[in-house]
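This report concerns only the one structure given below.
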């Protein structure tokens, strides 16, 4: 799992500069129409978004984890919109899923007959958070995957996972998949305008 994005200094620095300008103007040390400086605020927001993938510290992504309990199989449904997603196997035992998700949000978990259905939907998350989603799945139970994105890129390292089947699709974003290193179910990949890269282990002849 990737570490959380480091805090940006651009936003605090921008506030300090604007505050100093307003203070100097109030004391008539400088003669400036402060209202004309409002475009600087937009520039700062844009730079902060480019630097951190987000706008404000309280809106950045955070880590999450869900214990496995009595779950015997799992279905993961991801619809990330413009967000990039990185998926891989989980290294820590005892958990069903873990990773990094949008702050103020958690994946939705539904359990029925010992089968877990996990929903990660962009429409259910904080609008202004643009940080990537990192997803790690337990390797010791069978999984079905349904992943889609409009603009975001989808990367899935399926090595070590017990995969029943996977459907991965994007609109503009690219798809990169490392195929399972053990017998697995069918894998369906589709991208309307993006590229698709599939990596298989040497000597794999099932295809």
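The values are calculated or read from the model by the stated rules, or taken from the named source; none is laboratory data. Here the structure is a predicted model, which means the values were calculated and not measured. All Cβ positions, glycine included, derive from the backbone under ideal geometry; neighbour counts span all protein chains shown.
One table, with the values for the structure above:
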| item | result |
| --- | --- |
| Selection within the stretch 159-204 - within 22 Å of residue 96 (Cβ to Cβ), part of a loop (DSSP other than H, G, I, E, B) and touching a strand residue (DSSP E or B) at 6+ places or on another chain (Cβ under 7 Å) | 159, 160, 161, 180, 184, 185 |
| Qualifying residue in the stretch 87-99 (condition: in a loop (DSSP other than H, G, I, E, B), assigned by TED's automatic domain parsing to the domain that holds residue 66 and over 30 Å from residue 201 (Cβ atoms)) | no |
| Boolean, residue 197 is closer than 18 Å to residue 90 by Cβ and free of Cβ contacts under 8 Å to residues at least 60 places away in the same chain | no |
| Flag if residue 103 is in contact with a helix residue (DSSP H, G or I) (Cβ under 8 Å, 6 or more places away or on another chain), in a loop (DSSP other than H, G, I, E, B) and assigned by TED's automatic domain parsing to the domain that holds residue 81 | yes |
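Yes/no matrix, rows are residues, columns are (1) over 12 Å from the mean Cα position of the chain (by Cα); (2) surrounded by fewer than 19 Cβ atoms within 10 Å (Cβ to Cβ):
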| site | (1), (2) |
| --- | --- |
| 62 | no, yes |
| 67 | yes, yes |
| 96 | yes, no |
| 109 | yes, yes |
| 113 | yes, yes |
| 118 | yes, no |
| 123 | yes, yes |
| 127 | yes, yes |
| 141 | yes, yes |
